[in-house]
Amino acid sequence: MTSIPALELSFRRNGRLLLDVQKQLAELHEFARVIGSHSPLLRHWYLSSSKSKEDALLYPAFEEDGPTTAALAVLEECYRGVTDVRSIALWNGAEKTAQQASLTSLVNVLGPPDRVALSLRIEPSFADWKVPLLWVEAAVDIWRPLVASFGPFWYSEHKVFRDRPGVSWLLYLPRVLSEQQVPEAGLLHPVLDKERKQIGTVIVSIIDEPFSEHNPEHVRVANAIEMRLADQDLLPRYAEL
């Protein structure tokens, strides 16, 4: 992939109260432990700061067993009295642009669903779909998303429907899908819960090389999957999430 890889997911929680800071940051810690095994650049995370990089480096987000006391104190003070929406943004501390990554979590009790997004420019890039698949599965285990996708950030300019998620390289939907339903897919990977029951499917559009939004054939396949899913009412609109 030649543009920024991005993992994005949307989900809803049960309950009318805003998730507490401890739980929100603990979820990110759980996910960070998974992606940290891919690269040393993803093992250390800091609270993003609007002041300076030096200021951000003062506040590591995590220690080995969970969120740091300092990070929790900063966030709790920042959002004191806020009861409707909260955003936590983390940075991997890399100085070089080609090595930077961000991890964000948005929770709210208003209309839109909660969101988590990972954007990264890390070196090296992804040789195949297997590592992104592990990340998507980890995200599903933590957040149970209504939809999750992984692929080049700018693929959104090439997707078929403005009001629906794009397939890109990987798309997760919380439903069982068959090859007959999505014959254009390179692979359909079942996602199982801890009881080994299938709770969803990851659609992998391209399996023989990394997905690129600059490759017309890759875009054609992803677009064909999007149209196939939409024709069967299997690709949700954002307004339905």
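Here are the numbers for this structure:
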item: Aspartates and glutamates whose Cα lies under 19 Å from that of Lys96, excluding same-chain neighbours fewer than 8 positions away; result: Glu54, Asp55, Glu123
item: Partner lysines for Lys23 [C-alpha distance under 24 Å; skip if fewer than 8 residues away on the same chain]; result: Lys194
item: For segment 127-233, alpha-carbon Rg relative to the globular expectation (2.2 N^0.38 Å, N residues); result: 1.00
item: Rounded to the nearest 20 debye, dipole of the chain from Cβ charges on Lys, Arg, Asp, Glu; result: 420 debye
item: GluC sites (Glu not before Pro) restricted to DSSP loop in segment 140-241 with at most 13 other C-beta within 10 Å; result: Glu179, Glu195
item: FRET efficiency estimate (nearest 0.05) - Cβ-Cβ, Glu76 to Lys194, R0 25 angstrom; result: 0.20
item: Reachable aspartates and glutamates, given that their alpha-carbon falls under 14 Å from the alpha-carbon of Lys53 and they are not under 8 places away in the same chain; result: Glu95
item: Cα-based Rg / Dmax (Å) for segment 113-178; result: 12.4, 35
item: Neighbour-limited loop hits for trypsin sites (Lys or Arg not before Pro), segment 62-111 (at most 11 other Cβ within 10 Å; DSSP other than H, G, I, E, B); result: Arg80, Lys96
item: Derived scalar couplings ³J(HN,Hα) [segment 162-178; Karplus, 6.51 cos²θ - 1.76 cosθ + 1.60; whole Hz; x for Gly, Pro]; result: 5, 9, 9, x, x, 6, 6, 7, 10, 9, 9, 10, x, 8, 7, 10, 10
item: Residue-averaged [θ]222 nm for the chain, counting only DSSP H segments that reach four residues, each worth -39500 (n - 2.57); result: -7500 deg cm²/dmol
item: Two-site label geometry, Glu63 and Arg12: point separation in nm, points 7 Å out along Cα→Cβ; result: 3.9 nm
item: Max mean-square fluctuation residue, GNM over the chain, Cα-Cα springs under 10 Å, options Asp65, Asp141, Asp114; result: Asp65
item: Those GluC sites (Glu not before Pro) in segment 26-78 that DSSP places in a loop and that have at most 11 other beta carbons within 10 Å; result: Glu64
item: Zone of Ala98's modelled label, taken as backbone nitrogen in segment 148-168 under 19 Å from a point 7 Å along Cα→Cβ; result: 153
item: Debye equation applied to the C-alpha atoms of segment 42-198, log10 I(q)/I(0) at 0.08, 0.09, 0.14, 0.17 Å⁻¹; result: -0.30, -0.38, -0.90, -1.23
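Here, each number is a calculation from the coordinates, and none is a lab measurement. If you're wondering where the values come from, they're calculated on a predicted model, not measured in any experiment. Don't worry about glycine lacking a Cβ; one is built from the backbone with ideal geometry, like all the others, and counts go over all protein chains shown.
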